Amino acid sequence: MESLESQLTEKERQARVNETALASIKSAKLKREASGYAVMASALSYGEGATGDGAFGKISHAAKLFCILFAMLVPSLLIWSVLL
């Protein structure tokens, strides 16, 4: 009788360990999925804000124009400083 009771308790213990492990895996999966949703939501809201008519949209547009102007002027300035 004792061996049956110990086997039963061992099976119960293994069932609890298995249940805990599966819950941990599911929790990690849900946490990873939620962080992916957060990244996508922030990227979409940034895109909508950058193309909008608000202050952030205007600042973003000015930054784009500055980068384009910088990329066009720097090569000319470097050539002038080296050759002249």
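Points to keep in mind about this one:
- Accessible area in square angstrom per residue, the chain, 1.4 angstrom probe: 92
- Once the Cα atoms are used to define both axes, helix 55-83 deviates from the longest principal axis of the chain by about 60 degrees.
- Once the Cα-Cα distance is subtracted from the 0.36 nm per residue extended length, the residue 13 to residue 43 segment shows a gain of 6.3 nm.
- Angle in degrees between helix 2-50 and the longest Cα principal axis of the chain, rounded to the nearest 10: 20
- Subtracting the Cα-Cα distance of residue 34 and residue 79 from 0.36 nm times their residue separation leaves 11.1 nm of extension gain.
- Farthest toward positive dipole pole in the chain [+1 Lys/Arg, -1 Asp/Glu at C-beta], among 18, 49, 65: 65
- The apolar share of the surface of the chain, taken as the fraction of accessible area on carbon and sulfur atoms (1.4 Å probe, ligands and nucleic acids excluded), comes to 70 percent.
The values are calculated or read from the model by the stated rules, or taken from the named source; none is laboratory data. None of the values given here were measured: they were computed from a predicted structure. Cβ atoms come from the backbone with ideal geometry, glycine included; neighbour counts cover every protein chain shown. What goes into the accessible areas is simple: the full protein's heavy atoms, side chains included, and nothing from ligands, DNA or RNA. Shrake-Rupley method; radii C 1.70, N 1.55, O 1.52, S 1.80 Å.
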